Amino acid sequence: DTGVSQNPRHKITKRGQNVTFRCDPISEHNRLYWYRQTLGQGPEFLTYFQNEAQLEKSRLLSDRFSAERPKGSFSTLEIQRTEQGDSAMYLCATDQTGKTDTQYFGPGTRLTVL
Amino acid sequence: DAKTTQPPSMDCAEGRAANLPCNHSTISGNEYVYWYRQIHSQGPQYIIHGLKNNETNEMASLIITEDRKSSTLILPHATLRDTAVYYCIVRVGTNNAGNMLTFGGGTRLMVKP
């Protein structure tokens with residue numbers, strides 16, 4: 001257990017539905033990252049927050065995706081009008097500005113879109 | 001961040017040392033070598049990192065060549081629980097603009113009894 005938690009761990013939804021995932025970071029970490037991992041591939045960066053500010057978004061983050069971190073603590077990732085291609089593991093990671101060692105990853109949320 | 005090249009898969013006998021290579025010939029002077037692993041259905045787990053000196057911790061050792069163009073992760077006594085995908089990542093050590101990780105395909109290590 002790294003101290004980063006994600007909920008739910010698994011989500012099955014029908015195409016066209018909206019889904020929301022939550023990430024709770026290690027409390028002293030001010031940066032939070034979202035990654036997506038499809039089967040057989042390494043994780044791909046989606047977006048990151050420093051405190052409550054969303055500072056960078058990947059081109060992978062289509063306009064159906066939105067992420068928030070309203071109080072600089074937990075974060076949510078919402079996918080609207082899900083498509084089968086959104087099926088993936090969604091990973092959250094956190095770290096602290098100025099530290100060189102590591103990002104700590106949560107266990108991920110596995111999304112299956114039917 | 002510099003790109004890395006790793007073999008797609010390796011086998012290792014249980015109890016033997018596992019040596020996982022990584023090439024990063026375009027690494028810059030301020031870039032560190034990081035290793036993560038991902039056990040099936042879990043999030044990536046940090047293992048070790050280094051700049052130019054060899055490093056050792058309770059999980060593994062990291063050997064970086066003098067020209068820093070390649071490195072080797074060593075698991076001294078591999079166990080079945082070390083079966084995972086191992087990712088070698090090269091990036092700037094600290095960046096106030098964010099430390100996004102760029103994962104390649106990694107090496108799938110299979111530890112066999």
Counting only residues in the stretch B:1-19 that are outside any loop (DSSP other than H, G, I, E, B) and of a type in the set (A, V, I, L, M, F, W, C), the one surrounded by the most Cβ atoms within 10 Å (Cβ to Cβ) is identified as B:A18
Selection within the stretch A:97-114 - in contact with a Lys or Arg (Cβ under 9 Å, 6 or more places away or on another chain), within 14 Å of chain B (Cβ to nearest Cβ) and either among the basic types (K, R) or surrounded by 15 or more Cβ atoms within 10 Å (Cβ to Cβ) (or both): A:T97, A:Q103, A:P107, A:G108, A:T109, A:R110, A:L111
Kindly establish whether B:G98 is out of contact with any Pro (no Cβ under 6 Å at 6 or more places or on another chain) and closer than 27 Å to A:R36 by Cα. yes
State whether the residues of the stretch A:35-43 include one that is over 14 Å from B:M100 (Cα atoms) and under 11 Å from the mean Cα position of the chain (by Cα). yes
Do we find that A:D86 is surrounded by 15 or more Cβ atoms within 10 Å (Cβ to Cβ), more than 14 Å from B:L101 (Cβ to Cβ) and of a type in the set (D, E, K, R) in this structure? yes
Just to be sure, is A:E28 surrounded by fewer than 16 Cβ atoms within 10 Å (Cβ to Cβ), assigned to a strand (DSSP E or B), touching a residue at least 24 places away in the same chain (Cβ under 8 Å) and more than 14 Å from chain B (Cβ to nearest Cβ)? no
Checking the structure you have, find out if any residue of the stretch B:75-84 is free of Cβ contacts under 8 Å to residues at least 60 places away in the same chain, of a type in the set (D, E, K, R), exposed (fewer than 15 other Cβ atoms within 10 Å of the Cβ) and within 26 Å of A:T38 (Cβ to Cβ). yes
With respect to A:R22, is the statement that it is surrounded by fewer than 18 Cβ atoms within 10 Å (Cβ to Cβ) and in a strand (DSSP E or B) true? yes
Single match in B:P21, B:P44, B:P76, B:P8 (criterion: farther than 19 Å from A:Y104 by Cβ and within 14 Å of chain A (Cβ to nearest Cβ)): B:P8
Those residues of the stretch B:20-53 which are surrounded by fewer than 16 Cβ atoms within 10 Å (Cβ to Cβ) and small (G, A, S), in sequence order: B:S25, B:S28, B:G29, B:S41
With the structure loaded, tell me whether A:S73 is among the small types (G, A, S), surrounded by fewer than 19 Cβ atoms within 10 Å (Cβ to Cβ) and either part of a loop (DSSP other than H, G, I, E, B) or within 14 Å of chain B (Cβ to nearest Cβ) (or both) or whether it fails that test. yes
With A:D1, A:D95, A:D24, A:D86 as the choices, which residue is charged (D, E, K, R) and within 11 Å of the chain's Cα centre (by Cα)? A:D24
Answer yes or no: is there a residue in the stretch B:91-112 that is closer than 20 Å to A:C92 by Cα, surrounded by 16 or more Cβ atoms within 10 Å (Cβ to Cβ), in contact (Cβ under 8 Å) with a residue 40 or more places away in the chain and among the polar types (S, T, N, Q). yes
Can you pull out the residues in the stretch A:45-61 that are assigned to a loop (DSSP other than H, G, I, E, B) and either in contact with a Leu (Cβ under 7 Å, 6 or more places away or on another chain) or surrounded by 15 or more Cβ atoms within 10 Å (Cβ to Cβ) (or both)? A:S58, A:L60, A:L61
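The numbers here are math on the coordinates, done by the rules we state, and not lab data. If you're wondering where the values come from, they're calculated on a predicted model, not measured in any experiment. When we count neighbours, we look across all protein chains shown, and the Cβ atoms used for this are built from the backbone with ideal geometry, even at glycine.
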